[in-house]
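So the structure is just underneath, and the comments pick up after that.
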Amino acid sequence: MDEEGPRTGPERREAALRRELWRVRNSASFRLGHHVIEAFRRPWRLLVLPFSLPVVMWGIGMELLGRRPRPMSDSMIQLRGGPARCVVLFPTNGVGFGHFTRMYALARRLRKQDPDLEIVFFTTQPTLHLPYAEGFPTYHLAGPKRMQGMDADAWNAMCQEMLTLVLETHRPQSFVFDGAFPYRGMLDALATIDVPQKVWVRRGMFRKGTSVPVDAIGRFDLIVHPGDAVPHAASEVEHGVEELHVPPMLLIDPEEMWARETARRRLGVPQNAR
């Protein structure tokens with residue numbers, strides 16, 4: 001994006017086509033096919049093809065397993081203009097409501113501290129009425145398990161496109177992701193959009209043999225580990241990203257809590273119950 005203002009429709013379309021071209025050129029099928037075609041274009045390469053092709057396949061396999069970083073985009077979009085202060089929160093749809101509750105709690109406290117801060121939700125969680133009721137702009141992308149007949153690559157491409165449009169539109173200074181596993185589409189969007197601060201809120205620590213891609217951790221500037229009722233063991237993976245350990249992130253402040261007698265009466269629990 002240049003300094004003259006937001007992108008026009010044709011410019012957005014061109015950017016989307018560039019991202020699609022980047023995805024195609026970095027797909028496993030294209031890279032394998034390109035390697036074979038180049039061998040036929042230069043016949044001397046056919047002699048080493050039985051050896052070079054397995055090497056290429058091994059490299060792609062390591063990328064798919066998250067053991068090696070994937071190729072980066074060749075065009076990082078610098079965002080300018082937009083609100084003076086904006087943050088995009090991305091809670092995933094986990095087993096329960098933990099990811100969403102933490103980001104909802106964070107959004108409420110950020111608004112208390114800075115009423116002029118624009119707080120935007122982008123989430124796979126279907127509980128959209130909660131942020132809507134608070135007046136937070138909210139974008140919803142149904143999780144991959146909700147998309148029948150759609151494979152992971154197609155869903156991640158859609159995730160990348162939607163998140164890229166959100167980031168281009170709101171131009172946040174901060175992006176906060178709360179989830180156990182970063183989506184590839186999200187990582188690809190962050191690879192093309194230059195957000196100054198990228199934060200990963202992760203309740204657990206990183207274990208050896210983790211399935212998290214090696215390039216996913218380094219894509220963030222800060223990893224926040226909120227406390228829990230049960231202490232967590234120290235991280236077993238050296239990643240070099242700054243970490244911050246904080247107390248449990250609660251949805252409501254102590255002064256907002258009901259008194260014990262009121263809570264028992266509202267819940268129909270006897271006052272003398274233990």
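Side notes on the structure shown:
- The residue list Glu243, Glu261 contains one member that is assigned to a helix (DSSP H, G or I) and modelled with pLDDT of 80 or more, which is Glu261.
- Sole residue being basic (Lys, Arg), modelled with pLDDT of 80 or more and closer than 30 Å to Gly61 by Cα, chosen from Arg171, Arg184, Arg207: Arg184
- Selected residue (criterion: surrounded by the most Cβ atoms within 10 Å (Cβ to Cβ)) from residues of the range 166-188 that are in contact with a helix residue (DSSP H, G or I) (Cβ under 6 Å, 6 or more places away or on another chain) and within 22 Å of Leu110 (Cα to Cα): Asp178
Results for (1) surrounded by 14 or more Cβ atoms within 10 Å (Cβ to Cβ); (2) touching a Phe, Trp or Tyr at 6+ places or on another chain (Cβ under 6 Å); (3) modelled with pLDDT of 70 or more, shown as yes or no for each residue.
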site: Phe30; (1), (2), (3): no, no, yes
site: Phe51; (1), (2), (3): no, no, yes
site: Ile77; (1), (2), (3): yes, no, no
site: Arg80; (1), (2), (3): no, no, no
site: Phe90; (1), (2), (3): yes, yes, yes
site: His99; (1), (2), (3): yes, no, yes
site: Tyr104; (1), (2), (3): yes, no, yes
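The values are calculated or read from the model by the stated rules, or taken from the named source; none is laboratory data. In this text, all values refer to a predicted model and were calculated from it rather than measured experimentally. Reconstructed Cβ throughout: ideal geometry from the backbone, glycine too, with neighbour counts over all protein chains shown.
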